[in-house]
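Everything on this sheet refers to the single structure shown next.
Nothing in this text is a laboratory measurement; each read-out follows from the coordinates by a stated rule. Being a predicted model, the structure only gives us computed values, none of them experimental. A quick note on method: Cβ atoms are made from the backbone with ideal geometry, for glycine too, and the neighbour counts reach across all protein chains shown.
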Amino acid sequence: MLRQIRRDYLLYLFLIPFLLWYALFIFKPMYGLQIAFKDFLLFRGIAESPWVGLEHFKVFLESPYFTRVLVNTLVLSLYSLLFAFPIPIVLALLMNEAKNIIFRRTVQTFTYLPHFISVVIVAGIATNFLAPNNGVINFIIDKLGGSKVYFLTVPEYFRSIFVLTFDIWKEAGFSSIVYFAALSGINPQLYEAAVIDGANKGRQMWHITLPGILPTIMILLIMKVGHIMDVSYEAIILLYQPVTYETADVISTYTYRAGLQEGHYDLATAVGLFNAVIAFILVIGANKLSKKFTNTGLW
Amino acid sequence: MKLTRGEKWFSGFNYVLLSLTALAALYPFLYVLSASISSPEQVVRGNVLLFPKDVTFTAYRTVLAEKGIWLGYANTIFYTLFGTMVSLMLTILGAYSLSKKRLFGVTVINFIIAFTMWINMSGAAGMIPYYLNLRDLGLLNSRFGIIIAFAITTFNVFLLRTFFTTVPDSLEEAARVDGANDWSIMWRIYIPLSVPALITVGLFYAVGRWNAYFWSMVLLTDQSKIPLQVLLKKMIVEMNVNSMLDNGGPVDIAKETIIYATIIVAILPMVLVYPYIQRFFVQGMMVGSIKE
C-alpha cells in the first residue's frame, strides 16, 4: 500500500486542490446544517449556539406555510411530470421520422436554442409578454375580442405559465436530445425485417421504436421522480409575487425568503433540511423501482 | 421503399407539426427583435405582432449609452473567463486522478464525490449553510468568492473522467517506459487527446457562468461588481428601467422598446456563438446520459 502511494504521489498531489474545494464548499456547509437544530446566534457562531432540538421543525410544521409550500412543491412537480415530461419524447419521435436532414437540423437548432438563454431573460420575456397593458399575449387576446388579463397576478395561472415557460419552451427541445440519441441507436435491420414481414409504420412504431427507447424513458422518468422536491426556485422567484404565493410559493422559495431575505437562518435551514430528507427518500425509492422494473439503477 | 398513402399523409403532417414547433421556439425571439426596432407608439398600440413597424433604433441608442450595461457585460466576461479557467483546472486535476483505477482509495473518493451530486449544497437544501459558510470565509461581496465558490460541478468531473478512461492504457505505459511521470503523461498524452471533451466541459462551465444570477444577486452588494444577469433582473423582470437610466428623458412610452432592446443586447453574444457550440452540448448530453 505504501509503495502504491509513493508510486502515485503525483496523482494524490493533483487531488489536493480538488478535494480541498469539496471540503471547503461542500462538506463544511454540511457541518453548518446543524443550525437546523440550534437557536442560531450570529455573534456566537455555529458551534457555540445553543441546541433547541426539533423546535424549528415544529414551528415549520405547525405554521400555515407548511401545507401551502409542501402542496405547491408537489403539485408544481406533478404538473411538470404530466405536461412537460412527454413532450421531448414526442418531439424526438417526430424528428426521427423527418428524413430530410437539413430540415431536421434546422428544427433541432431552433428548438435547442432557448436552453442556452438564461432564466432571467426567459422570465423577462415571459413577464413582458404577459404584461396587462403592453404584453403581446394581451394584444392578441384583445384582437380576438377578449378582455385583457393580468396573468401573473392570478394564482390559478401560475403553474401553467411556469411549466409552459421554463419546462416546455426553454427545455423541451434540449431534453429531446437523449431520446433522439436512443432512437438513432436502434438497429435499422429491425425495421427492414419488419417491412419484409409486412408491418406498417404504426406497427413498427409499436413493436420496434417504443421498446427501443423505453429504457431511456424509464431512467429519465425515475430520475425526474427522484427530483420532485427540486423545483427551480431560481426561476420561481423571478415570476412569483405575493398575490400568487398561494400557488407559487414552494419549499425552496420559502427557504430563500425566510433565510436570505428575512434572516431566520436556523428556521430556513430546518425547512431546507426537511426538503432534503423527503428528496432523499424519493431518490432511494425511485432507484429501487428502477432496479425492479428496468434492471438499471442510478447506483 | 414505397410509401403508402397513409404514410405520405403522416410524413406531410409531421413536417408541418415540426415546422410549427420550431416557429413556437423562435417566435418570442422574433417578437422581441421586431418590437425592439419598432417605434414605441406602434408597440404600445399592439400593432407589432411579428414584423417591425416604423423601424427606429432609438431604443438601442438609449441602451448602449447606458454605462451600467457595459459594466455588467465587463463583469460577466470577467466571471465567465476566469471562472471557467479555475473550473477547468480543478476539474482536470480531479478527473484525471479519479480516472486511475490503480490509485489506492479511488473508489472511496469517487463514492464520496458521487454522493455530493444528491445533496446539492448550493441548492435548496443547503442554501443557508452555504451562505453562512461563505460569510465565515469572508467571501461575501467578493469577485474571488464568486469564482471559487462555484468552481466545480460534479457532473462535469464525471463527464471528463469518463473521457479520460477511454484513452488506451498502452499509451501511458509506453510513456512510462520512456521515464515520463504522471504530470507529463497528463499534459502530453491525456489532455491533447481529450480536446473535444475539454471544450465540452469548458463550454458547460462557461455557459453556466454566463447565465448565472442567483448567487451573484445574493452575494454581491456592490453595484460595480454585479454581472449582467443581475442587472437584467432589475431592468427586464422587475421592469425597473427608470432606475437604471440616469440620462432622464421621456422613457415612459419608450420603456417597452428599451426593455426589448436590452433583451436583444443581452442575448446577442449567446445567439451568435450558439450555432458553433451546439454540437458540443449535444455530444456532452449523450455521453452524460450513457455513463453514470
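Within the P(r) computed for region A:57-294, what percentage of the Cα pairs occupies the region above 22 Å?
Details: 17840 of 28203 pairs.
Everything past 22 Å amounts to 63 percent.
Of all alpha-carbon pairs in chain B, indicate the percentage at a distance above 27 angstrom.
Numbers: 24480 of 42486 pairs.
Summing the P(r) of chain B above 27 Å gives 58 percent of all pairs.
If N is the number of residues in region B:103-231, what value comes out of its Cα radius of gyration divided by 2.2 N^0.38 Å?
Compared with the compact-globule rule of thumb, region B:103-231 sits at 1.34.
Would you mind checking the tilt of helix B:127-136 against the longest principal axis of the Cα atoms of chain B, expressed as 0 to 90 degrees and rounded to 10?
80 degrees
Sketch the reach of a paramagnetic label on B:Phe13 as a point 7 Å from Cα along Cα-to-Cβ, and name the residues of region A:190-232 whose backbone nitrogen lies under 16 Å away.
A:200-206
What FRET efficiency, computed as 1/(1 + (r/R0)^6) with R0 = 22 Å and r the Cβ-Cβ distance, is obtained for A:Ser184 and B:Leu26, rounded to the nearest 0.05? Before the final figure, lay out the partial values.
Values: r = 24 Å, r/R0 = 1.11.
Step by step, r from the Cβ atoms, then E = 0.35.
When all alpha-carbon pairs of region A:1-45 are counted, what percent fall beyond 14 Å? Mind showing how you got there, number by number?
Details: 651 of 990 pairs.
Counting pairs separated by more than 14 Å, the tail of P(r) holds 66 percent.
If we count other beta carbons within 10 Å of each Cβ, what is the order of B:Val16, B:Val157, A:Val195, fewest first? Mind showing how you got there, number by number?
Values: B:Val16 10, B:Val157 26, A:Val195 13.
So the ranking, lowest neighbour count to highest, is B:Val16, A:Val195, B:Val157.
Gap in Å between the Cα centre of region B:183-214 and the Cα centre of region B:61-97?
15 Å
For A:Lys38, enumerate residues with amide H under 5 Å from its amide H, sequence gap 5+ or separate chain, H modeled in the peptide plane.
It is A:Val52, by chain and number.
As an exercise, use a Förster radius of 22 Å and the Cβ-Cβ distance of A:Thr153 and B:Glu238 to find the FRET efficiency, rounded to the nearest 0.05.
On the way: r = 15 Å, r/R0 = 0.66.
Calculated transfer efficiency: 0.90.
Checking the cross-link filter: which lysines have an alpha carbon closer than 16 Å to that of B:Lys225, excluding same-chain neighbours under 8 positions apart?
B:Lys225 reaches B:Lys67, B:Lys233, B:Lys234.
If eta is 0.692 mPa s and T is 37 °C, what Stokes-Einstein diffusion coefficient results for region A:39-109, Kirkwood Rh from Cα pairs, in µm²/s? Show your work: numbers first, answer last.
Values: Rh = 17.2 Å.
Reported coefficient: 191 µm²/s.
Once both axes come from the Cα atoms, what is the angle between helix B:67-98 and the longest principal axis of chain B, in degrees from 0 to 90, rounded to 10?
It works out to around 20 degrees.
When the chain is fully extended, how far beyond the present Cα-Cα distance does B:Met85 get from B:Arg61, taking 0.36 nm per residue of separation? Each step should come with its number before you reach the end.
Values: separation 24, 0.36 × 24 = 8.64 nm, distance 3.40 nm.
Value of the extension gain: 5.2 nm.
Hand me the tally of lysine pairs in chain A: alpha carbons under 19 angstrom apart, and the pair either on different chains or 8 or more positions apart.
Step by step, the pairs that qualify in chain A add up to 7.
Once both labels are modelled 7 Å past Cα along the beta-carbon direction, what's the A:Met1-B:Arg5 spacing in nm?
The two pseudo-label positions are separated by 7.8 nm.
What FRET efficiency comes out for the pair B:Phe115/B:Ala74, r = Cβ-Cβ distance, R0 = 41 Å, nearest 0.05?
Details: r = 38 Å, r/R0 = 0.93.
Efficiency for this residue pair is about 0.60.
Based on the alpha carbons, how large is the Rg to Rh ratio for the protein assembly as shown when Rh follows Kirkwood?
Values: Rg = 25.8 Å, Rh = 26.4 Å.
Computed over Cα atoms, the ratio is 0.98.
Can you pull the one-decimal nm distance between simple spin-label points at B:Arg45 and B:Tyr276, each 7 Å off the Cα toward Cβ?
Taking the two extended label points, one gets 4.3 nm.
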